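The values are calculated or read from the model by the stated rules, or taken from the named source; none is laboratory data. It should be emphasised that the depicted structure is a prediction, and the values quoted were computed from it without experimental measurement. Positions of Cβ are backbone-derived with ideal geometry, glycine not excepted, and every protein chain shown enters the neighbour counts. Note: areas computed on protein heavy atoms with side chains; ligands, DNA, RNA excluded. Shrake-Rupley method; radii C 1.70, N 1.55, O 1.52, S 1.80 Å.
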Amino acid sequence: QAPITPHVTMAPSTSETPDAPGASGAVTEAPPGPVGSSCSNEDLSWRLEKFDEGILEDIRRMDVWEVVANQVAFMATPLLMPSLLARTGWVLGIGFCLYSAVLTYMTGLIIGDICVNEPHLHTYSLVAEEAFARLGARVGAPRRLCGRVGSSIVGFLQFASYYLTGVAELIYFEQYLAALFQKHALCQRTWLLIAAAMCWPCVQIPTFKESRWLAMFTCFIITFNVFVFIYEIASVRPWTECSPGPQWPQPSGADMIRGMVGIAYAFGGHGLFPEQLREMKKPERWPKAVAWTYSIVVPVYLFFGCAGYFAFGHHAKANLNLNYPDNVPNTLSIVAQSMQELYYVAASMIVLVLKVELFLGVSPAAWCREPRELGPPTKEQESSAWQACANGDSAEYSTSSSDTDTGDDGAPAAGQGSDSVETAHAPAAAAPAGSCFPKRWRDRLSLRGCGAPPGVFRLVFRTLFLGSQAGLALLMLGGDGDVLLSLQALAGAVGFTALTYFLPLVFGWALLPKVRAARCLFYLVSFVMCGLLMAVGIYFSVADLIDTAGGFGADVQCKIDADEYLSDACHAALGNSVGDAV
């Protein structure tokens with residue numbers, strides 16, 4: 001059994017208040033049940049509740065190659081790149097792709113530096129809470145409020161982004177199945193239920209560590225599609241064999257914005273980074289993992305974007321298989337891509353369900369064994385918990401997002417000292433976000449009160465979570481099919497742009513040493529530009545979603561309007577009716 005770290009009130013940073021009382025690491029004692037305190041014995045009991053640190057230790061098992069496999073599998077969407085360049089044009093498309101690669105590589109390293117330096121910040125929301133707390137105020141209730149508001153907003157962005165991504169991937173999967181088995185009598189809604197059922201075993205994967213083989217399978221599919229892409233272009237050669245050849249007209253301003261949002265979506269994935277880093281055996285090797293990821297993804301993106309846009313011009317489609325002739329390699333590519341959806345649905349869900357499971361103290365590494373029992377609190381723990389309760393504080397500013405204040409409006413009770421009652425950081429030993437949630441409710445919600453082991457809770461909870469996504473996907477089928485692209489654009493504009501591009505810059509400013517003036521200027525310009533891109537992208541994406549979703553109606557046509565894969569190579573590649581390739 002791993003040691004239980006005392007649940008104490010900690011300073012936000014010892015470097016910020018070196019001379020503050022209590023910053024030396026000593027715990028300020030307070031007698032249990034002080035006079036004038038509004039805390040009850042029940043308040044004390046659930047402030048002392050803390051799930052075993054062994055839960056986090058149990059999941060620190062990932063090697064660098066496993067992290068790279070998960071990042072490449074989730075991030076790499078090379079088949080979209082030709083259509084994105086068709087929307088942005090050569091200069092803006094290539095320029096913004098290179099800019100995105102440099103900026104998101106830097107923001108990935110920023111997130112890694114923060115989580116390595118302060119291991120207790122093991123989720124994106126905790127990083128946000130600590131950053132906004134330090135930016136908001138130095139001590140006391142205003143600091144806690146800033147942290148909680150920032151954590152709530154960022155947590156919502158993360159949840160919305162990956163939840164919508166899961167919904168979109170379910171719809172993708174349904175459309176793949178319906179197109180592959182078009183002659184079958186099943187309707188769209190039935191195919192969607194089948195798609196969800198096929199994803200169900202994959203969403204039971206406990207952590208990113210266990211998802212490595214599914215991620216490797218996805219990377220193999222991506223590699224296979226690279227070879228299919230090369231074969232189809234080399235065999236058709238539309239720039240010489242088709243008349244007229246590919247055209248590259250100047251795109252409109254709205255298309256440019258949509259294309260940039262799509263590129264932002266293509267580099268998305270940073271919302272998973274703190275959670276993936278939490279599982280690494282050696283977190284200090286994070287820069288190596290990020291470097292390997294970008295050395296693979298960026299060249300593939302540039303190759304697909306440039307070669308595809310050169311070959312197909314403005315006719316390049318988001319579903320690039322439509323630009324291929326109807327042949328065996330194209331059919332195999334479609335089948336392979338449908339299998340990728342298993343990983344995309346699972347990965348977008350893992351990051352969300354793990355937040356809830358860790359909140360409730362359910363070990364992701366356990367299946368049948370009972371969770372570790374916490375020993376009785378020490379006198380020091382009890383004294384510190386009373387002091388924290390009286391001050392309205394949680395175990396640490398960075399982990400107080402779910403804390404319910406039981407003090408008197410967050411101010412110290414009479415005779416209880418100031419808001420600066422603190423100790424130094426204890427890396428990797430801070431309480432989780434749910435540590436101040438009443439134990440009886442955590443036991444009930446996690447089914448521990450019924451004697452259910454962790455594996456049973458995950459089975460029930462993740463099934464219900466997948467069911468909610470499938471239910472929303474059923475409503476989205478009422479649109480005209482373009483709702484899928486609008487959903488992806490909205491997810492990219494709302495969450496991926498924020499989580500990947502400019503929020504890590506805010507976190508680095510608050511939690512890391514200051515950088516040189518040139519890099520600071522680059523970060524500032526990037527922050528403003530990406531913020532504007534997010535706002536404009538949301539406007540266009542919401543407008544498209546309203547137009548295409550059919551009011552989220554219940555009327556869904558039975559059969560999908562299947563894409564037509566043409567045997568005429570030039571017609572497929574460029575929309576030409578004549579001039580088939582030799």
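Think of segment 50-189 as having a plus end and a minus end, set by charges on the Cβ of Lys, Arg, Asp and Glu; of SER83, ASN117, THR107, SER83 sits farthest toward the positive end of this dipole.
Between TRP441 and VAL356, the modelled label-to-label distance comes to 1.5 nm, taking each label 7 Å out from Cα in the direction of the beta carbon.
Structure shown: which of LYS317/LYS355; LYS209/LYS288; LYS282/LYS514; LYS281/LYS355; LYS209/LYS317 lie over 27 Å apart, alpha-carbon to alpha-carbon? In this structure, LYS317/LYS355; LYS209/LYS317 exceed 27 Å between Cα atoms.
Counting protein heavy atoms only, segment 270-313 has 73 percent of its accessible area on carbon and sulfur, 1.4 angstrom probe. The length gained on full extension between VAL102 and SER567, counted as 0.36 nm times the residue separation minus their Cα-Cα distance, comes to 163.4 nm. Once backbone amide H atoms are built at 1.01 Å from N, MET62 has MET280, LYS281 as its partners under 5 Å, excluding neighbours fewer than 5 places away on the same chain.
Here the label points at ASP326 and PHE227, each 7 Å from Cα along the C-beta direction, are separated by 2.6 nm in the simple model. Where in segment 299-336 does the label zone of HIS184 land, with the point 7 angstrom along Cα→C-beta and an amide N cut-off under 14 Å? Counting backbone N atoms under 14 Å from the label point, the list is 335.
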